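Contents: one structure, followed by commentary.
The values are calculated or read from the model by the stated rules, or taken from the named source; none is laboratory data. Note that the coordinates shown come from a computational prediction; the quantities given were computed from them, not determined experimentally. Neighbour counts are summed over all protein chains in view; Cβ atoms, including those assigned to glycine, are modelled from backbone coordinates with ideal geometry. Quick note on the areas: whole protein, heavy atoms, side chains included, nothing else; ligands and nucleic acids left out. Shrake-Rupley method; radii C 1.70, N 1.55, O 1.52, S 1.80 Å.
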Amino acid sequence: KGLQIVAGAGIYAVHETGGTSRAGSLRAWTTEPLDEPTAFHWLYDEDLPEPAPAADEGPVDSPYLLTPVQREAVRGSRHDPVTLVSGAPGTGKSQTVVAIACDALARGGHVLVAAKSDATVDALLDLLERAPGPDPVVFGSNERRDALAARLAAGDLQPVSEARLASARTDLDRARERRDLLHAQLADRLRAEQMLATPEDGVEGARVIAPALFDPATDLTRAGDLLEAAANAGAGWRARHKVGKVRSLLQALAGAGPEVTVDDIHRCVDMARSARIAADLVAGGGLDIDADWEELLDADNRARRALGTWLAEESRSTERVNRSTLPAVAALATALRSGRSARRQQLARLNDTRLTRALPLWVGTLADVDDLLPPVAGLFDLVILDEASSIDQPLAAVALLRGRRAVIAGAPHQLRHVSFLSDERLHEVVATHGLDAFPALAARLDVRRNSIFDVA
């Protein structure tokens, strides 16, 4: 109803046009402690000793349907310092990448998935959304950073209850047990059919070694339980004592002599089980597995969905989201709302793994890694670079330094990153820093010809 005057003070902040160069970002790492080798070291340091062979970590289970070759890539990423995933467009590299990320998360790891372009990040996010799983921290454009800051500041990150997590784990174990049982039954029936088609198979030899197993009254389920107990005995003198006791029980059950090993009995049990099924097949008129196959496919789909659901719950368990880690998340939300210079200073204070414990999966563009993540060597258990044939080495380095292991995925015949650095300038820099004494390293530094995919 009239003129109102409000007196106060205002601050106008101009948009920051400056920034830290890639050279400046990399140079800053020379002041950081690098006590343990990172993925960067594994790619460039020829003097690092080869890691000891890893023990078998069990089968590969994934929320995604994988080919045998993709499963081998997942298995290798569990322990290899650098895993190379190579193939033409459309051959399933990106699906392998997200399966590797989920496998690392299922084993309690922290994962950074990065690419050069927003388009590649969007494709990876589409794949992650096709199956239940953990909610990733997505970064890249200014809009994504603002959305991430708003999400974290809103307090949406809350731990799930122990009961809910336990329920998801129970569902997963049941789904796996059902799938594995159907798989074993179907495999037994197929093996039995093969036995009927090739009667010269080693059945007669098995009857001589372990005759009691072929008696219809013998409990083959009991034999299977004993074999499983022998396989999971562990190590040390107690384990040896347990295996010896189990072996004696197996020999008695099988009617085998003391010279027969557990492995021999294992093969004989498989033969005896197939022989029983073969007899049933003859009596039933042959093998019909259409219904069994459909049931197995359904059980496999249920197991994969249950794994994704459990991963989503586990990523917000009280082990990850708690009073120790939530302050780091709040500090990140504050940093994201600051200018670039202030943001980097605030991120530098987050110099431990509390942030990645609470937020174990990060997906975004390489150009924004320094703006979003503290400069901590080995911050992630695994760093994955997709479409790596177009990624130049300095851009990749800031991510590789933040990971203990790396997966490099790309196509060998796609267009490479092109730099306009001249040969003369390149050789001048190499000579100035004394790198011409290391021909192999100097060759890797030819950034015009070698992407990070070529280096891997």
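Assorted remarks:
- Principal-axis analysis of the Cα atoms of the chain puts helix 93-106 at an angle of about 80° to the longest axis.
- Using the Cβ-Cβ distance between ASN301 and ILE5 with R0 set to 51 Å, the FRET efficiency works out to roughly 0.15.
- Working note: 222 nm ellipticity from helices only, DSSP H runs with n ≥ 4, each -39,500 (n - 2.57), summed and divided by the residues of the chain, gives -16500 deg cm²/dmol to the nearest 500.
- With q set to 0.10, 0.11 Å⁻¹, the log10 of I(q)/I(0) for the range 1-138, from the Debye formula over equal scatterers at the Cα positions, is -0.53, -0.60.
- Cα-based values for the range 227-327, radius of gyration first and Dmax second, are 22.4, 68 Å.
- Between 0 and 90 degrees, the angle of helix 162-197 with respect to the longest Cα principal axis of the chain falls at about 50 degrees.
- The range 373-437, accessible surface, carbon-and-sulfur percent (1.4 angstrom probe): 59 percent
- Rounded to the nearest 0.05, the FRET efficiency derived from the C-beta distance between ASP225 and ALA330 at R0 = 41 Å is 0.20.
- Neighbours of LEU296 by Cβ distance under 12 Å: Lys/Arg scored +1, Asp/Glu scored -1, total -3.
- The length gained on full extension between VAL69 and ASP423, counted as 0.36 nm times the residue separation minus their Cα-Cα distance, comes to 123.5 nm.
- Protection proxy ranking, peptides 115-124, 403-412, average beta carbon neighbours within 10 Å, highest first: 403-412, 115-124
- Per residue, the chain exposes 54 Å² of accessible surface when a 1.4 Å probe is rolled over the protein heavy atoms with every protein chain present.
- On Cα atoms only, tilt of 142-153 relative to the major axis of the chain in degrees: 70 degrees
- Taking 0.36 nm per residue of separation and subtracting the Cα-Cα distance, full extension of the segment from SER341 to ARG323 would add 3.7 nm.
- In this simple spin-label model, placing a label point 7 Å from the Cα along the Cα-to-Cβ direction at both GLU46 and ALA291 gives a separation of 6.5 nm.
- Measuring between their Cα centroids, the range 90-135 and the range 346-388 lie 15 Å from each other.
- Rg(Cα)/(2.2 N^0.38 Å) for the range 59-218, N = residue count: 1.52
- The Cα-based radius of gyration of the chain, divided by its Kirkwood radius, gives an Rg/Rh of 1.09.
- Sorted peptide list for 272-278, 89-95, 349-355, criterion being average Cβ within 10 angstrom, highest first: 272-278, 349-355, 89-95
- Cα gyration tensor shape of the range 307-372, rounded if a/c is under 1.5, else prolate or oblate by comparing a/b with b/c: oblate
- Efficiency of FRET from Cβ geometry, LYS245 and SER21, R₀ 56 Å, rounded to 0.05: 0.25
- Whole-number D in µm² s⁻¹ for the range 49-123, Kirkwood Cα-pair radius fed into Stokes-Einstein, 20 °C, 1.002 mPa s: 159 µm²/s
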